[in-house]
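Report on the structure given below.
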Amino acid sequence: MGEKWFIEKIEHDGVAFSLAVTEKLHEEQSAYQRIEVYQTREWGRLLVLDGCVMLTERDEFFYHEMMSHPALFAHRDPRRVAIIGGGDCGILREVLRHEQVEHAIQVEIDERVTRVSERFFPELCNANNDARAELRFTDGVEWIGAIPPESLDLLIVDSTDPVGPAADLFTCNFLRAARQALTPGGIVVQQSESPLLHRDSVIAPLQRAASEAGFDGVHTLTFPMPSYPSGWWSATLIVNGGDPRNFRESDAAAKAFPTRYYNAEIHRAALATPELLKPL
Ligand code: SAM
């Protein structure tokens, strides 16, 4: 196939994102979504779910590092971690770089996303065989309500956009169940879309839902994410006691594992609140 362009159109916002592609490597319709993998000319391989960019090999590190390390260093001693969604396994890889993590369970509704990622994005899945990792394929909304109370230190919600099976992951009921599942001092970090495009439709309602669910600290951090709509993304930290802006800064500065974006200075900077996100 000669050079073509993959285009993600965000109709509602009148914007599109496009990548030059040289080959479609895979496509299938799973029980939950359309899964496509492309070879791009300049951005490595590209994973697309229902027409939306999930990751490219060139810039996935921004998202996977910023959805993991701020929350892990904000927790005083994260040992039991759960990831809801995250089927490409990039966040599982980042979580298991933290040696004190004893167990990391990934609860992904669609096993096909993980199997396709293992085949086409092995560098994202290199922690899947870690003895501390557990892969579960079920609905995270049901799973969180069925686990024992105070059984998690950290919950990372790496879901698709808040539509379809992901919609309930952004609700007060889900966050109430998450609060029950967390230990005192536990943290939820949730991908909360674009501050520019989704402030009023996602970020503000999520912050309200967290407060209504009884959490006493909520803070949205922002970071660049070139291949997502607007190129500017967010993660909302939700805490069960304490201030989400506090973190183990010396541990972050002394981290023994490699990253390409995250470091202690970036962590501190990402917590700064842009005017358009003040109080929502
Ligand atoms: N970083 C991407 C983003 O911000 O859009 C998300 C990556 S990850 C591939 C998203 C995953 O969430 C998908 O694999 C999807 O199947 C999964 N997912 C959606 N709703 C879910 C649910 N209720 N329980 C578990 N996984 C869910």
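The values are calculated or read from the model by the stated rules, or taken from the named source; none is laboratory data. The structure displayed is predicted, hence computed values, not measured ones. A quick note on method: Cβ atoms are made from the backbone with ideal geometry, for glycine too, and the neighbour counts reach across all protein chains shown. SASA here: full protein model, heavy atoms, side chains in, ligands and nucleic acids out. Shrake-Rupley method; radii C 1.70, N 1.55, O 1.52, S 1.80 Å.
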In this structure, is Asp110 more than 9 Å from the ligand (Cβ to nearest atom), open to solvent by less than 20 Å² (accessible area, probe 1.4 Å) and charged (D, E, K, R)? no
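I'm checking my understanding of the structure. Among residues of the range 173-212 that are assigned to a helix (DSSP H, G or I) and within 14 Å of the ligand (Cβ to nearest atom), which one is surrounded by the fewest Cβ atoms within 10 Å (Cβ to Cβ)? Let's see the steps before the verdict.
Of the residues in the range 173-212, the ones assigned to a helix (DSSP H, G or I) are 173-181, 199-212.
Filter again for within 14 Å of the ligand (Cβ to nearest atom), leaving 173-175, 177-178, 202-203, 206.
Working: Asn173: 14, Phe174: 22, Leu175: 26, Ala177: 19, Ala178: 28, Val202: 21, Ile203: 21, Leu206: 28.
Once the filter is applied, the top-ranked residue is Asn173.
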Please verify whether the range 67-80 includes one or more residues that are surrounded by fewer than 22 Cβ atoms within 10 Å (Cβ to Cβ) and either within 15 Å of the ligand (Cβ to nearest atom) or among the polar types (S, T, N, Q) (or both). no
Identify, by number, the condition in (1) away from the ligand (no atom under 12 Å from the Cβ); (2) outside any loop (DSSP other than H, G, I, E, B); (3) within 19 Å of Val188 (Cβ to Cβ) that Arg93 doesn't meet. (3)
Single residue of the range 64-89 satisfying the filter (in a loop (DSSP other than H, G, I, E, B) and hydrophobic (A, V, I, L, M, F, W, C)) that is farthest from Val37 (Cα to Cα): Met67
Hey, can you tell me all the residues within the range 20-51 that are surrounded by fewer than 17 Cβ atoms within 10 Å (Cβ to Cβ), closer than 20 Å to Gln191 by Cβ and in contact (Cβ under 8 Å) with a residue 60 or more places away in the chain? Asp50
Would you mind finding the one in Arg176, Arg199, Arg245 that is of a type in the set (D, E, K, R) and more than 28 Å from Glu150 (Cβ to Cβ)? Arg199
Suppose we keep only residues that are in contact with an Asp or Glu (Cβ under 6 Å, 6 or more places away or on another chain) and either at pLDDT below 95 or assigned to a helix (DSSP H, G or I) (or both) within the range 130-172. Which one would you say is surrounded by the most Cβ atoms within 10 Å (Cβ to Cβ)? Val141
Of the numbered conditions (1) more than 30 Å from Ala264 (Cβ to Cβ); (2) in the same structural domain as Ser230 (by TED's automatic domain parsing); (3) part of a loop (DSSP other than H, G, I, E, B), Arg112 satisfies every one except a single condition; which is it? (3)
Filtering the range 222-268 down to residues that are in a helix (DSSP H, G or I) and either at positive phi or open to solvent by less than 60 Å² (accessible area, probe 1.4 Å) (or both) yields Pro229, Ser230, Gly231, Ala252, Ala264, Ile266, His267
One residue is enough: does the range 36-52 have a residue meeting the conditions closer than 30 Å to Arg179 by Cα and of a type in the set (Val, Ile, Thr)? no
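Considering only the range 24-39, I want to know if a residue exists there that is of a type in the set (A, V, I, L, M), out of contact with any helix residue (DSSP H, G or I) (no Cβ under 7 Å at 6 or more places or on another chain) and assigned by TED's automatic domain parsing to the domain that holds Ala270.
Narrowing the range 24-39 to residues of a type in the set (A, V, I, L, M): 25, 31, 35, 37.
Keeping just the survivors that are out of contact with any helix residue (DSSP H, G or I) (no Cβ under 7 Å at 6 or more places or on another chain) gives 31.
Right, trim to assigned by TED's automatic domain parsing to the domain that holds Ala270 and you get none.
Looking for residues that are of a type in the set (A, V, I, L, M), out of contact with any helix residue (DSSP H, G or I) (no Cβ under 7 Å at 6 or more places or on another chain) and assigned by TED's automatic domain parsing to the domain that holds Ala270, one finds none in the range 24-39, hence no.
Count, please, the residues in the range 74-105 that happen to be small (Gly, Ala, Ser) and more than 17 Å from the chain's Cα centre (by Cα). Before you say what the answer is, go through the steps one by one.
Going residue by residue through the range 74-105, those that are small (Gly, Ala, Ser) are 74, 82, 85-87, 90, 104.
This time we only want the ones that are more than 17 Å from the chain's Cα centre (by Cα), so: none.
Residues in the range 74-105 being small (Gly, Ala, Ser) and more than 17 Å from the chain's Cα centre (by Cα): 0 in total.
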